[in-house]
Each structure stands twice: as structure tokens, then as C-alpha cells.
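A.B. asks: Have a look at the structure that comes next, please.
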Amino acid sequence: MIIVKEIAYWKENKMLPEHYCDYLLTLYTEGNGVEESKEKKKSKGLLVFPLLFFSFIPITIFLLYFTELSFILQMAISLIFLIFCFIGIFLYNKNQLNVDIPATVAAIIFLLGSVAFVLEFFSNKIIFLYIILFLNCLFWYLCGKRYKLLYFTLSAFIGTFLLLILVVSKYML
């Protein structure tokens, strides 16, 4: 029984390839297998949430750009979605799952909300839109470097490059 628990630990922490662990577990349990622990079952329940997180993006776009809701209500709903994303990041970290989906959704919702905010209050000053877009790219870059998320770093570079092209074409041509 001790060996079976140790092999299950190796499998859970990816110390050996999964198929090796499965073979060893089958060998030592004589084909009966091992019941998953409650923690493992609980963490599988969190895998349902990516669809929920991804649904926040179109809902946010719809609320911000296609409804007649008051601006305060639009921002409040966007903030609620952001809070859910941060709770998701916390829960995914706690259960040692990959935080890519809630982090990406949070970044996109923050970008949409900040652009809507600038367009609401500074609609005549396009420079503020450029500044907020650059600050979002800077935030993505810092998060990408800090948490070693390559797609955040690449998004920051691509966004900054496109923003630079936009600004140069608008003011230089």
C-alpha cells in the first residue's frame, strides 16, 4: 500500500511520465487500480470553469458596446467579472492548476473596460486612448516577465508594435 501511495504521488506531481505510473499502479494493485483522492476529484471540478471564464468576454463586449445601460452599471458588471477572474486565478493557483485562462480573460476584460472608460470620459482626446493602450501593454509585459507567461510578453510586444504603427501613421503621414 505504501508503494501504491508513492506511485500515485509521483503521478500527481509528474515525477514520472503518466503511462509509467499507470503501468506501475496496475502492476502493484494487480489490475484493481487506485481510487482518486478527494483533492484530485475537487480539482477536476475546476476544469468546468474555463467555459464560464470565456463567456465573460462576449458578455462584456455586448454590455460595453451594444447596450443602453448606464456607464456606471457597465463598469460595475465588468468589475464583477474581473473579480470572478481573480477568484479563479486564486483557486487555480491553490489547486495547482494552470492559471492561463482566468488570467487571459482578466487581461482582456481589463483592456475592454479601460478603453470604454477612456472613450466615455476623453472621447475628444485620442492621446489618452493611446496612453491607456500602452499602459495595458506595459502591464501585460510586466505580468509576462514576473509570472513567466510567454503569451503575455508576446502580446505586449505585438500590441506596442501595432500601437506604434498606428501613432506613426496618424501623426507622421
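A.B. asks: Just want the ordering: Ile61, Ile132, from fewest to most Cβ atoms lying within 10 Å of their own Cβ.
C.D. replies: On the way: Ile61 14, Ile132 17.
With the fewest neighbours first, Ile61, Ile132 line up as Ile61, Ile132.
A.B. asks: Could I get the Rg over Rh figure for the range 75-130? Both from C-alpha atoms, Rh via Kirkwood, rounded to two places. Write out the running numbers ahead of the final one.
C.D. replies: Details: Rg = 14.1 Å, Rh = 12.3 Å.
Rg/Rh for the range 75-130 comes to 1.14.
A.B. asks: Note the full-extension length gain between Ile126 and Ile83 as 0.36 nm times their separation in residues minus their Cα-Cα distance, in nm to one decimal. If you can, show how the numbers build up before the last one.
C.D. replies: Values: separation 43, 0.36 × 43 = 15.48 nm, distance 2.87 nm.
Here the answer is 12.6 nm.
A.B. asks: Sum -39500 (n - 2.57) across every DSSP H segment of at least 4 residues in the chain, then divide by the residue count to get the 222 nm mean residue ellipticity, nearest 500. All intermediate terms of the calculation are to be shown ahead of the outcome.
C.D. replies: On the way: 8 runs with 138 residues, N = 173.
Taken over the chain, the calculation gives -27000 deg cm²/dmol.
A.B. asks: Compute the semi-axes of the equivalent ellipsoid of the range 44-140, taking the square root of 5 times each eigenvalue of the Cα gyration tensor, and list them largest first in whole Å. Don't skip to the answer; put the middle values down first.
C.D. replies: On the way: eigenvalues 146, 50, 16 Å².
Working through the eigenvalues yields semi-axes of 27, 16, 9 Å.
A.B. asks: Report, largest value first, the span of the C-alpha coordinates of the range 67-107 along each principal axis, in whole Å.
C.D. replies: Sorted largest first, the three principal extents are 40, 14, 11 Å.
A.B. asks: Give me the log10 of I(q) over I(0) for the range 104-161 at q = 0.26 Å⁻¹, as the Debye formula computes it from C-alpha points; what are the numbers?
C.D. replies: -1.00
A.B. asks: Hey, another quick one. Given a Förster distance of 45 Å, report the FRET efficiency between Ser70 and Gln96 from their Cβ-Cβ distance, rounded to the nearest 0.05. Could the numbers behind the result be given before it?
C.D. replies: Values: r = 41 Å, r/R0 = 0.91.
For Ser70 and Gln96, the calculated efficiency is 0.65.
A.B. asks: May I ask you to derive the relative contact order of the chain, considering only C-alpha pairs under 8 Å and at least 6 residues apart, and to give it as an integer percent? List each step's numbers first, then the result.
C.D. replies: Working: 115 pairs, mean separation 22.6, N = 173.
It comes to 13 percent, rounded to a whole number.
A.B. asks: Also, quick follow-up: What translational D, rounded to a whole number of µm²/s, comes out for the chain from Stokes-Einstein when the hydrodynamic radius is the Kirkwood one over Cα pairs, at 10 °C and 1.306 mPa s? Each step should come with its number before you reach the end.
C.D. replies: On the way: Rh = 19.3 Å.
Rounded, D is 82 µm²/s.
A.B. asks: Tally Lys/Arg at +1 and Asp/Glu at -1 over every other residue whose Cβ is under 15 Å from the Cβ of Ile132; what's the total?
C.D. replies: 0
Read-outs throughout are calculated quantities, based only on the coordinates presented, and are distinct from any laboratory measurement. Model, not experiment: these values are computed from the prediction. Cβ atoms come from the backbone with ideal geometry, glycine included; neighbour counts cover every protein chain shown.
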